[in-house]
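Chemist: Handing you a structure now.
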Amino acid sequence: EAKGKGKDRFCFFQEGLNEVVSYKRAIERDLKIALETGTGLWLALQPLFAENGKTIVGAEALIRWNHPEHGLLSPAIFIPVAEERGLIAELGTFVLREACRIVKELDIAWLAVNFSALQFRDRALASKVLACLAEFGVTPSRIQIEITETALIGDFEAMSSTLAELREAGIRIALDDFGTGYSSLGYLHRCHFDKIKIDRSFISQLNGSGSTDAVVKAVMELANAFSMKVTAEGVETPSQWRELAAMGCRELQGFLFSKPVTQDEFKALLRKGDNPDDKSGVE
Ligand code: C2E
Ligand code: MG
Ligand code: MG
Ligand code: MG
């Protein structure tokens, strides 16, 4: 099988420079093919829950790639390569179109998609996004855009005007991985995010009394002051859930409630949520 492909073979975990170079080249080449043919790339969906841990309020789309040789690849592997090799705009288009298709098909209030900071270099991004939604007949309030806090470091003026245009049209904007970057209060004030997502690294350190608990609490108060919603990312234990609910966090996401799942599995989750007699859900 592998015979004759020797030149193209690579190992993800080899550290040598030559291997890294050929690994990136191979990812770039295969990702181009995947985007051209529309094969192998798909969106996993992770539900976001109300504080009761049962009601699904929305979902986040997380890209996956079934690589023909290497199996399922995580975005941590190929998003950076797509960014570096100029493929991120095309990938972003694929993600948004697929998200529009899915949100129409599923009975959910909204679907969040992750945008790379580099996508905002396109001054026409907002009008392209809105044209895509119009093409699919998707109401802007049903799509949320997540950008990571580190994205704010780039061309802030360009980014904030694009975000303002999107918000004006009714698309909600979430600041992802909050706490891991360097966003100042000034950024928060000028950008008008609808939501902040507190990074998993904070949630995992909640213990009921430590300094992280105070930080998370302060972030929730800050969000309140700016009229932003708050999501806790990476909730993995019942005690984290209890503490976040006690702090007034109304939106929860994490393996405790559900991992990212396929579209079919997501439909099953929705059906289960609808059935009041079902006792198998998370209590
Ligand atoms: P993110 O947007 O912060 O997404 C949350 C990540 O945390 C996801 O990893 C998710 O599977 C994981 N996660 C959720 N709950 C838990 C939990 O309870 N415990 C743990 N340990 N992990 C949890 P994933 O899917 O590997 O995505 C990684 C990152 O890749 C995302 O972080 C996002 O920044 C990026 N990404 C994913 N899809 C896309 C996309 O379509 N476009 C772009 N530009 N970036 C994407
Ligand atoms: Mg995200
Ligand atoms: Mg995040
Ligand atoms: Mg993240």
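Chemist: Would you kindly derive the ³J(HN,Hα) couplings of the range 200-205 from the backbone phi angles with the Karplus curve 6.51 cos²θ - 1.76 cosθ + 1.60 (θ = phi - 60°), listing them in order in whole Hz, with x for Gly and Pro?
Modeler: Residue by residue, the range 200-205 yields 3, 4, 7, 4, 5, 9 Hz.
Chemist: Which percent of the accessible area of the chain is formed by carbon and sulfur heavy atoms (probe 1.4 angstrom)? Before the final figure, lay out each step's value.
Modeler: Values: 7460 of 14430 Å².
Whole-percent figure for carbon plus sulfur exposure: 52.
Chemist: Let me ask something else about it. Read phi for every residue in the range 184-194 and hand back ³J(HN,Hα) as whole Hz from Karplus 6.51 cos²θ - 1.76 cosθ + 1.60, θ = phi - 60°, with x for Gly and Pro.
Modeler: After applying 6.51 cos²θ - 1.76 cosθ + 1.60, I find 8, 4, x, 4, 4, 5, 7, 8, 6, 6, 7 Hz.
Chemist: Nearest 10 degrees is fine. How inclined is helix 17-37 to the longest principal axis of the chain, computing both from alpha carbons?
Modeler: Taking the Cα atoms of the chain, the angle to 17-37 is about 80 degrees.
Chemist: Rolling a 1.4 angstrom probe over the protein heavy atoms, how many square angstrom per residue are accessible across the chain?
Modeler: On the way: 14430 Å² over 283 residues.
Normalised by residue count, the accessible surface of the chain is 51 Å².
Chemist: Largest first, please: the extent of the C-alpha atoms of the chain along each principal axis, to the nearest Å.
Modeler: Reported extents, whole Å, longest axis first: 60, 47, 43.
Chemist: Here is a follow-up. So if I take the alpha carbon set of the range 110-175, get Rg, then get Rh from the Kirkwood formula, what is the Rg over Rh ratio?
Modeler: Numbers: Rg = 11.1 Å, Rh = 11.9 Å.
Across the range 110-175, the Cα-based Rg/Rh ratio is 0.94.
Chemist: List, in order, the whole-Hz ³J(HN,Hα) value for each residue of the range 150-162 obtained from phi through the Karplus relation with A = 6.51, B = -1.76, C = 1.60 and θ = phi - 60°; use x for Gly and Pro.
Modeler: Listing the rounded values in order: 5, 5, 6, 6, x, 7, 4, 5, 4, 5, 5, 6, 5 Hz.
Chemist: First select every other residue whose beta carbon is under 13 angstrom from the beta carbon of Ile196; then total the charges, Lys and Arg +1, Asp and Glu -1. Intermediate results must be reported in sequence, preceding the final value.
Modeler: Working: positive: Arg172, Lys195, Lys197, Lys229, Arg250; negative: Glu146, Glu149, Asp176, Asp177, Asp194, Asp199, Glu221, Glu233, Glu251.
With Lys, Arg at +1 and Asp, Glu at -1, the neighbours total -4.
Chemist: Can I ask one more? Using modelled amide H (1.01 Å from N, peptide plane; none on Pro or chain starts), what sits under 5 Å from the amide H of Ile143, excluding residues fewer than 5 places away?
Modeler: HN-HN under 5 Å from Ile143: Leu111, Arg172.
Chemist: Hey, another quick one. Helix 238-247 sits at what angle to the longest principal axis of the chain, using alpha carbons and giving 0 to 90 degrees rounded to 10?
Modeler: 60
Chemist: Can you tell me, using C-alpha contacts under 8 Å and at least 6 residues apart, the relative contact order of the range 150-228 as a whole percent? Walk me through the numbers before you get to the answer.
Modeler: Values: 66 pairs, mean separation 22.4, N = 79.
Value for the range 150-228: 28 percent.
Chemist: For helix 263-274, report the angle its Cα long axis makes with the longest principal axis of the Cα atoms of the chain; keep it between 0 and 90° and round to the nearest 10°.
Modeler: Its long axis makes an angle of about 20 degrees.
Chemist: On to the next question. Tally the DSSP beta bridges in the chain and give the antiparallel ones as a percent, rounded to 5. Can you show the working numbers first?
Modeler: Values: 14 of 34 bridges.
Once the DSSP bridges in the chain are tallied, antiparallel ones form about 40 percent.
Chemist: What is the sum of charges around Gly170, taking Lys and Arg as +1, Asp and Glu as -1, for the other residues whose C-beta is under 13 Å from the C-beta of Gly170? Mind showing how you got there, number by number?
Modeler: Details: positive: Arg142, Arg167, Arg172; negative: Glu165, Glu168, Asp194.
Here the charged neighbours net out to 0.
Chemist: Same structure again: Top mean-square fluctuation among Ala112, Ala174, Ala218, Gaussian network model of the chain, C-alpha springs under 10 Å?
Modeler: Comparing Ala112, Ala174, Ala218 in the GNM, the peak value goes to Ala218.
Chemist: What is the sum of charges, Lys and Arg at +1 and Asp and Glu at -1, for the other residues whose Cβ falls under 15 Å from the Cβ of Gly38?
Modeler: Numbers: positive: Lys32, Arg64, Arg97, Arg101; negative: Asp30, Glu36, Glu90, Glu98.
Around Gly38, the charge tally is 0.
The values are calculated or read from the model by the stated rules, or taken from the named source; none is laboratory data. What you are looking at is a predicted structure, and each value in this text was computed from that prediction instead of being measured. Cβ atoms come from the backbone with ideal geometry, glycine included; neighbour counts cover every protein chain shown. Side chains included, ligands, DNA and RNA excluded: accessible areas come from the protein's heavy atoms. Shrake-Rupley method; radii C 1.70, N 1.55, O 1.52, S 1.80 Å.
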